[in-house]
Amino acid sequence: MTIEIELLFTGNELLIGKTLNTNSQWLAKRIYSLGAQVTRMANVLDDLQEISDELVYMIKRLPNLIITSGGLGASFDDMTLEAVAKATDRPLILNQEILDEIKRVHELLYARGDAKENKVSDYATKMAYQPKDSKILPNPEGGIPGVLLELEKNVNIICLPGVPAELKAMFDQSVDDIISKMVGDIATADVKFLVDLIESEIAILIEKVMKSYPIVYIKSNPLSWQDAVRVEIHLTSRGEVNQVNENVNNAAEMLKNLILNYGGKIEEESIISANKKQ
Amino acid sequence: MRRSDKISVELIFTGNELLIGKTLNTNSQWLAKRIYSLGAQITRMMSVGDTVDDISTALLEAIGRKPDIIITSGGLGPTFDDITLDAVARATKRPLEINEEVLTILYQKYEEKYKKGISKEKELSKYKRKMAYLPKGSIHLPNTVGSAPGVLLELEEDEGVKVFCLPGVPAELKAIFNQSIAEIIVKIVGDIEMAEARFKTEQFIESEMAALVDKVTKAYPSVYIKSHPLGWEDTARVEFHLTSKGEKIEHIKENVEKATAMLKKLVANGGGKIIEEIE
């Protein structure tokens, strides 16, 4: 059974185009290489109702995991945990451990002069409130920690910061393991190459190969056709490690033969990669 | 005239390549920037896989929120997993119908390719013909870069929500947007003014400046002030982004300037350092 994961990104900066969402690709790639599948990504405004509405939609589809990114900070429009609490109908509870850490950091910042007040502000204190029954995901970059919340029906929610360095560090340290455990023993493999045929004519060849190898997913992406036609072909599959490599290799071989027979050229080939995860 | 800040746009991106991280979605930022600069507001973006179920579910959710405009990107091409128009047809309960104009355009385009030797087959295969089937009632938007045309469908039954379908290939998406969609948005939005300002600060933490932001927001409620923490290893660094838009008589630019000056003064008086250069 495929482990399904939905991603929820918050932040007006994404919706006005100020920031390019690079976290989405980074997370999707990591999750895919772990043998799980991102089934949906959503970007919403910094608005309590919008975030919690989207969470409710996501929870209803019963994915194994929902990962949110952004909105854990101290400013007035950081409200992801409030939205999680609202969507899952539970209160926010002060986590003393986090508050102590916020206080410790604040003392350091005060000593350095970056904090002007000798006591933690309400805005900073807000960061210590987590939805009831949450577990803490440590932040190795020193920022605010993340949250892991297990709901009924095996739906889990993980909340990560939007700052890329923090998101990545927390994924590497904690989330990677959580997803790997959900997935169990599985491997993924993929092969890519370029073809000089037009996409609509490769379509029929791809269909033939996918009929023979239904476990292999073949995607074509047109790169250009103004001067020279170039279409990128990408074959992917997942399953038991030896099986996966064999299937992808065989399907790629079959497709390449069909393309060559049709009069096309294979332009370039990238390395086959297979990842096995325990 | 409707108020400009109420013109809402939702974006739906289709493509397994986005969900496995093979492709970085740069269309999202390009569209967001363009749409924002035209005075409309994107309220949600979604990325879903190449299945009729997933796409039509996302469409139904979006239609239910009654935005002014929904734009889909991807899935208009000839391959088996190009199924956006099937999904639009299903979600809006319309049949797909062959569009003779599009068929003629496709015929011309592929004939040209055949003559150049780029296309190996002379007749239009069913894969190519597929691109001429549009949901009933839609009009096609010319694609000057690639084959598949864009599509516009107005949902009379859903308060006139406009659904635009664009290809996922960035050059094609941009060309169709610029040629056919930008002016439609401008027309709906009307005559509005926008302004923004940015600056960075050092030596002052975000959670303490939050109280200052509150003060400025109370004085200038039409100005949205967003702070982005940039790190605190050597010194606490924060970026501020102030934005506002509205009708001309609302003194948009003036308010952003005044709000910016007020915030800078509060930060400086509080002991923070203002850094003007923004890359």
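Quick note: the coordinates plus some simple rules give every number you see, no bench work behind them. Everything quoted here is computed from the prediction, not taken from an experiment. Reconstructed Cβ throughout: ideal geometry from the backbone, glycine too, with neighbour counts over all protein chains shown.
Data for the structure
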{"quantity": "Pairwise Cα inverse-distance average, inverted: Kirkwood Rh of the protein assembly as shown (Å)", "calculated": "25.3"}
{"quantity": "Electrostatic dipole magnitude of the range B:192-275 [Cβ: Lys, Arg +1; Asp, Glu -1; Cα centre; debye, to 20]", "calculated": "200"}
{"quantity": "Percent RCO, i.e. relative contact order, over chain B, from Cα pairs under 8 Å lying at least 6 residues apart", "calculated": "18"}
{"quantity": "Which of B:134, B:199, A:188, positive extreme of dipole for the protein assembly as shown (C-beta unit charges)", "calculated": "B:134"}
{"quantity": "Order of A:29, A:181 under a 10 Å beta carbon neighbour criterion, fewest first", "calculated": "A:181, A:29"}
{"quantity": "Of A:119/B:215; B:136/B:187; A:60/B:162; A:29/A:126; A:60/A:219, those spanning more than 23 Å from alpha-carbon to alpha-carbon", "calculated": "B:136/B:187; A:60/B:162; A:29/A:126; A:60/A:219"}
{"quantity": "Helical contribution to [θ] at 222 nm, DSSP H n ≥ 4, -39,500 (n - 2.57), averaged over chain A, rounded to 500", "calculated": "-12000 deg cm²/dmol"}
{"quantity": "Dipole magnitude of the protein assembly as shown about its Cα centre (Cβ charges: Lys, Arg +1; Asp, Glu -1), debye to nearest 20", "calculated": "580"}
{"quantity": "Mean separation of Cα contacts under 8 Å, 6 or more apart, over the residue count of the range A:4-183: relative contact order %", "calculated": "24"}
{"quantity": "Extension gain from residue B:218 to residue B:157, taking 0.36 nm per residue of separation minus the Cα-Cα distance", "calculated": "17.9 nm"}
{"quantity": "For the range B:125-170: rounded, prolate or oblate by the Cα gyration tensor [a/c cutoff 1.5]", "calculated": "oblate"}
{"quantity": "Cα shape, the range A:6-96, gyration tensor, a/c 1.5 rule", "calculated": "oblate"}
{"quantity": "Additional length obtainable on full extension of the chain from residue A:262 to residue A:104, 0.36 nm per residue less Cα span", "calculated": "50.1 nm"}
{"quantity": "Cα-centre dipole for chain B with unit charges at Cβ (Lys and Arg positive, Asp and Glu negative), debye to 20", "calculated": "360"}
{"quantity": "Charge-dipole axis of the protein assembly as shown as Lys and Arg at +1 and Asp and Glu at -1 on Cβ define it, positive-most pick from A:249, A:173, B:222", "calculated": "A:249"}
{"quantity": "Computed FRET value (nearest 0.05) for residue A:90 with residue B:115, which takes r as the C-beta separation and R₀ as 60 Å", "calculated": "0.35"}
{"quantity": "Chain B shape via C-alpha gyration tensor axes, a/c threshold 1.5", "calculated": "prolate"}
{"quantity": "Virtual spin-label span in nm between residue B:257 and residue B:133, 7 Å along Cα→Cβ", "calculated": "5.8"}
{"quantity": "Contour excess over end-to-end distance, with Cα ends at residue A:215 and residue A:181 and 0.36 nm allotted per residue", "calculated": "10.0 nm"}
{"quantity": "Dipole of the protein assembly as shown, positive end: most advanced residue of A:156, B:243, A:212 [Cβ charges, Cα centre]", "calculated": "A:212"}
{"quantity": "Residue A:133/residue A:97 FRET efficiency (R0 22 Å; Cβ-Cβ; nearest 0.05)", "calculated": "0.90"}
{"quantity": "In sequence order, calculated HN-Hα J values of the range A:254-260 (Karplus, 6.51, -1.76, 1.60; Hz; x Gly/Pro)", "calculated": "4, 5, 4, 4, 4, 5, 4"}
